[in-house]
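See structure below.
The values are calculated or read from the model by the stated rules, or taken from the named source; none is laboratory data. Note that the structure is predicted; figures quoted are calculated from it, not measured. Counting neighbours? That spans all protein chains shown, and the Cβs are built from the backbone with ideal geometry, glycine included.
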Amino acid sequence: MFSRSAGYSIQALTYLAGQPPGKLTGAREIAAAAGIPIPFLWKILRNLSQQKLVRSFKGVRGGYELARPAHKISISEILAATPDSDLVATCVLGLGRCDDDNPCALHTSWQDLRIKIENLMDRKTLADLAREWPKSRRKRSRSRVPNRHTRH
């Protein structure tokens, strides 16, 4: 439903939201925990830093932390900060031009659903997602096949 970078942004920030206050978390740790390719994550973290959602600190003891408390960052704010997350503005059928003046066959139905999705994303915060993170990650990690390139 969301772009890959929007999904990865939400996953990375959710992981950071689950960290103890004041703990700086390295990109490699975030990538490993969230299953995000590290080159992609660096681009995402750079963008999130520019959008003032995370703070980065360089150096041996550096890393990333949320710029504000997790309960003050809505999912809609993260989506708005992600350049290619245009879920609610696009036509559900993928047509180039679709608006109230030139609607597609599903425009009205999609518009109602889109409003519900927008309201949900406005209400949900990173703190909400962080509370669910351990449960969802445990379920997923049990079904994963170990990566043969992972060092033990």
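Laid out as a table, the results:
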{"quantity": "Qualifying positions in the stretch 60-119 - closer than 21 Å to A17 by Cβ and small (G, A, S)", "calculated": "G62, G63, A67, A70, S74, S76, A80, A81, S85"}
{"quantity": "Filter result (crowded, with 19+ Cβ neighbours inside 10 Å and either among the acidic types (D, E) or closer than 14 Å to I75 by Cβ (or both)) within the stretch 17-50", "calculated": "A17, L48"}
{"quantity": "Which listed residue, of R4, R68, is within 12 Å of the chain's Cα centre (by Cα) and among the basic types (K, R)", "calculated": "R4"}
{"quantity": "Of residues in the stretch 70-107 being acidic (D, E) and surrounded by fewer than 15 Cβ atoms within 10 Å (Cβ to Cβ), the one modelled with the highest pLDDT", "calculated": "D101"}
{"quantity": "Given (1) touching a Leu at 6+ places or on another chain (Cβ under 9 Å); (2) surrounded by 15 or more Cβ atoms within 10 Å (Cβ to Cβ); (3) modelled with pLDDT under 85, index of the condition W133 fails", "calculated": "(1)"}
{"quantity": "Members of the stretch 35-89 that are polar (S, T, N, Q), in contact with a strand residue (DSSP E or B) (Cβ under 6 Å, 6 or more places away or on another chain) and free of Cβ contacts under 8 Å to residues at least 24 places away in the same chain", "calculated": "S49, S56"}
{"quantity": "Wholly within the stretch 1-84, helices (runs of 4 or more DSSP H) carrying at least 1 residues that are among the hydroxyl-bearing types (S, T, Y)", "calculated": "4-17, 38-50, 75-81"}
{"quantity": "Any hit, the stretch 51-69, residues being surrounded by fewer than 16 Cβ atoms within 10 Å (Cβ to Cβ) and among the β-branched types (V, I, T)", "calculated": "yes"}
{"quantity": "Filter result (within 13 Å of R55 (Cα to Cα) and either under 16 Å from the mean Cα position of the chain (by Cα) or in contact (Cβ under 8 Å) with a residue 40 or more places away in the chain (or both)) within the stretch 13-34", "calculated": "L13, L16, A17, G22, K23, L24, T25, A27"}
